[in-house]
Amino acid sequence: MKILVPVDGSPFTKRMLAYLAAHDEWLGDQHSYTVLTVVQPVPPRASAVLDKTILKAYYTDESDKVFKPIRSFFDKQRIKAEFVAKVGTAADTIAEVAAKGKFDLLMMGSHGHSTLGNLVLGSVTTKVMANCSTPVLIVR
């Protein structure tokens, strides 16, 4: 199974990784994992005055901060994974990568707000589910 794992380094990501480690059916060579992090873009006015190499270094540093502990987790579990960093809005980018990559499953953590909380605050998970045809496994 080809699985996309969007991560942001939050406690919800850690909870999702703990779920992954606790369930043997997700481990092993029968699955291929792509770990995705999405860095919020620098506002256009700011990015217009920044040197492109500085901007690229910023995006790389931000994604590396998220990936470092997750790489360690995958190494300890002996799970091979591809790590991909994108710049954009999280929900739209996750749904786009899932569609273009033809993933079988999208596995992500969620904070578990109530329905009212999602209406007021919005939720990346809710937006991904609305914009994505790939099945989504949400770990709370």
Original post:
Hey, Asp104 hits all of (1) at pLDDT below 95; (2) closer than 20 Å to Met1 by Cα but one; which does it fall short on?
Top reply: (1)
Original post:
Which condition does Phe12 not pass, out of (1) within 22 Å of Thr89 (Cβ to Cβ); (2) at pLDDT 90 or above, if it passes all the others?
Top reply: (2)
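Can you find even one residue in the stretch 39-57 that is buried (at least 19 other Cβ atoms within 10 Å of the Cβ), within 22 Å of Ala98 (Cα to Cα) and either of a type in the set (D, E, K, R) or at pLDDT 90 or above (or both)?
Scanning the stretch 39-57 turns up at least one residue that is buried (at least 19 other Cβ atoms within 10 Å of the Cβ), within 22 Å of Ala98 (Cα to Cα) and either of a type in the set (D, E, K, R) or at pLDDT 90 or above (or both).
Do we find that Val124 is crowded, with 17+ Cβ neighbours inside 10 Å and at pLDDT 95 or above in this structure?
On the way: crowded, with 17+ Cβ neighbours inside 10 Å: yes; at pLDDT 95 or above: no.
Spelling it out, it is not the case that Val124 is crowded, with 17+ Cβ neighbours inside 10 Å and at pLDDT 95 or above.
The values are calculated or read from the model by the stated rules, or taken from the named source; none is laboratory data. Only a predicted model underlies this, so the values are computations on that prediction, with no experimental measurement involved. Here Cβ is always computed from backbone atoms with ideal geometry, including for glycine, and neighbour counts include all displayed protein chains.
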